[in-house]
Amino acid sequence: MSKNALIADLEQRLQQLDAQSLRRTRRTAETACAPRVEIAGREMLAFCSNDYLGLASHPRVIEALREGATRYGAGSGASHLVSGHSRAHAELEERLAQFMSPQISDARALYFCTGYMANLAMLSALGGAGTALFSESLNHASLIDGARLSRSDLQIYPHGDVAQLAALLQASTAATKLVVTDSVFSMDGDLAPLPELLKLCEQHGAWLVVDDAHGFGVLGRNGRGALEHFDLSSPNLVYMGTLGKAAGVAGAFVAAHASVIEWLVQRARPYIYTTAAPPAIAHALLTSLDIIDSVEGMARRAQLQRLIKQCHDELHLHRWQLLPSDTAIQPVQIGTNEDAMRTAAALYEEGFWVPAIRPPTVPAGTARLRVTLSAAHTDDDVARLIHAIQSLEAQA
């Protein structure tokens with residue numbers, strides 16, 4: 001029997017990915033998200049999760065999840081606007097609004113199943129015909145897709161180029177303007193110039209939509225993220241923080257002026273037309289927030305900063321490059337896809353799980369190791385990884 005032409009076409013495309021060292025593969029973890037994880041019977045030292053504060057395996061968070069399941073059951077049963085909005089969801093949104101209130105005027109918060117959905121919701125509800133949307137060139141895929149879904153007039157400004165954005169805003173005659181940016185860029189680890197962006201938005205009557213997926217819980221003295229880090233507060237801010245990274249559980253939230261949140265409830269299709277996340281998750285997140293906003297949370301952020309400094313002080317490279325980053329994301333740029341894959345495989349053989357990131361996630365010729373640090377790592381963990389990377393560079 002001849003092969004189906006559709007299947008044959010897909011298989012040819014997959015072979016092309018193989019030829020370019022671009023095929024992605026999955027590994028199955030047998031144990032909890034933590035610095036040490038079992039993969040196919042081997043214990044690996046993992047530098048690949050976004051569990052920046054080490055809360056995914058925190059005993060208090062685990063117990064809160066168990067308690068939430070006992071109290072609320074396994075699922076929500078419906079969308080939030082039907083019958084799926086539980087007391088746990090309501091309490092979480094109230095707590096998030098209170099937590100972010102120093103940065104957001106008249107703050108209200110809205111909980112989403114994922115950060116991807118939150119970004120689709122924000123941009124599709126706030127954008128539309130007659131809206132000009134100005135998107136940073138290195139934004140996450142969810143913001144790119146949300147911008148497309150919004151059907152706004154999309155304009156892309158170069159990475160961190162405040163002057164170019166100012167010129168675009170000045171030239172725009174749109175009634176509504178949205179500037180959209182990541183706070184921490186997930187593949188480079190650098191920070192957007194949020195103070196300058198907010199100043200421009202206030203001058204031009206524009207919204208500043210900030211995706212703080214990799215800043216919430218980590219940046220700022222109290223873990224309020226990039227807005228606290230830069231000491232920013234404005235009614236023009238629309239803020240998204242994820243809860244499956246530093247918070248250690250799952251989901252995301254949008255915090256903004258109460259009128260913005262009410263508009264999302266009424267018009268954001270990714271919120272309206274999906275089943276609410278299990279209430280047990282929201283219940284567990286209340287404990288995560290308690291830890292983030294506590295002396296323990298401050299200690300975990302301080303430990304993370306020590307590990308970041310250790311990378312900067314001790315990881316000395318000659319052919320490869322440790323990209324400049326003061327965040328938990330410490331990328332080591334290698335160059336070709338093949339070399340990055342070869343290095344990641346060699347690290348894996350030595351017991352280190354570090355992902356190789358390749359195009360289209362990063363530009364061609366800039367394939368890299370994406371090292372992510374957690375407060376649950378020890379100084380010795382990081383020292384061992386540094387030694388392994390330096391040894392492999394010397395052999396390359």
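Scan region 1-58 for residues that are in contact with a helix residue (DSSP H, G or I) (Cβ under 6 Å, 6 or more places away or on another chain) and either surrounded by fewer than 16 Cβ atoms within 10 Å (Cβ to Cβ) or over 20 Å from LEU347 (Cβ atoms) (or both) and the total you get is 3. Annotation: of all residues in region 7-48 being part of a loop (DSSP other than H, G, I, E, B) and of a type in the set (Val, Ile, Thr), the one that is nearest to ASN337 (Cα to Cα) is THR25. Taking the condition touching a helix residue (DSSP H, G or I) at 6+ places or on another chain (Cβ under 8 Å), more than 20 Å from MET240 (Cβ to Cβ), outside any helix (DSSP H, G or I) and not β-branched (Val, Ile, Thr), does PRO359 pass? Judged against the criteria, PRO359 is a match. Residue count for region 19-42, restricted to those that are aliphatic (A, V, I, L, M) and under 11 Å from SER57 (Cα atoms): 2. Listed by position, the strands (runs of 3 or more DSSP E) inside region 69-177 whose residues that are in contact (Cβ under 8 Å) with a residue 12 or more places away in the chain and surrounded by fewer than 20 Cβ atoms within 10 Å (Cβ to Cβ) number at least 2 are 153-157.
Of the residues THR336, THR372, the single one that is within 28 Å of HIS58 (Cα to Cα), among the hydroxyl-bearing types (Ser, Thr, Tyr) and out of contact with any Leu (no Cβ under 6 Å at 6 or more places or on another chain) is THR372.
Within region 334-363, residues that are more than 20 Å from GLN16 (Cα to Cα) sit with their Cβ atoms under 6 Å from residues that are of a type in the set (Lys, Arg) and outside any helix (DSSP H, G or I), at 6+ positions apart or across chains, in these pairs: ILE334/ARG368; PRO355/ARG370.
Regarding region 162-179, can at least one residue be identified that is of a type in the set (Lys, Arg), modelled with pLDDT of 95 or more and touching a Leu at 6+ places or on another chain (Cβ under 8 Å)? Yes, because at least one residue in region 162-179 is of a type in the set (Lys, Arg), modelled with pLDDT of 95 or more and touching a Leu at 6+ places or on another chain (Cβ under 8 Å).
Of the residues making up region 116-133, not a single one is in contact with a Gly (Cβ under 8 Å, 6 or more places away or on another chain) and over 24 Å from GLY215 (Cβ atoms).
Note on region 250-280: residues that are farther than 14 Å from ALA97 by Cβ, out of contact with any Gly (no Cβ under 8 Å at 6 or more places or on another chain) and crowded, with 23+ Cβ neighbours inside 10 Å amount to 2.
When the test is whether a residue is in a helix (DSSP H, G or I), outside the structural domain of LEU110 (by TED's automatic domain parsing), crowded, with 21+ Cβ neighbours inside 10 Å and not polar (S, T, N, Q), LEU369 does not pass it.
Residue-wise test of (1) outside the structural domain of LEU126 (by TED's automatic domain parsing); (2) touching a helix residue (DSSP H, G or I) at 6+ places or on another chain (Cβ under 8 Å); (3) more than 18 Å from GLN305 (Cα to Cα).
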residue	(1), (2), (3)
PRO158	no, yes, yes
GLN170	no, yes, yes
ALA174	no, no, yes
GLY189	no, no, no
LEU194	no, yes, yes
LEU198	no, no, yes
VAL210	no, yes, yes
HIS214	no, no, no
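Put simply, of GLY84, GLY115 the only residue that is closer than 29 Å to GLY189 by Cα and in the same structural domain as TYR239 (by TED's automatic domain parsing) is GLY115. A count restricted to region 278-299 and to residues that are touching a Phe, Trp or Tyr at 6+ places or on another chain (Cβ under 7 Å) and not in a helix (DSSP H, G or I) stands at 1.
The values are calculated or read from the model by the stated rules, or taken from the named source; none is laboratory data. Nothing here was measured: the structure is a model prediction, and the numbers come from that model. Neighbour counts are summed over all protein chains in view; Cβ atoms, including those assigned to glycine, are modelled from backbone coordinates with ideal geometry.
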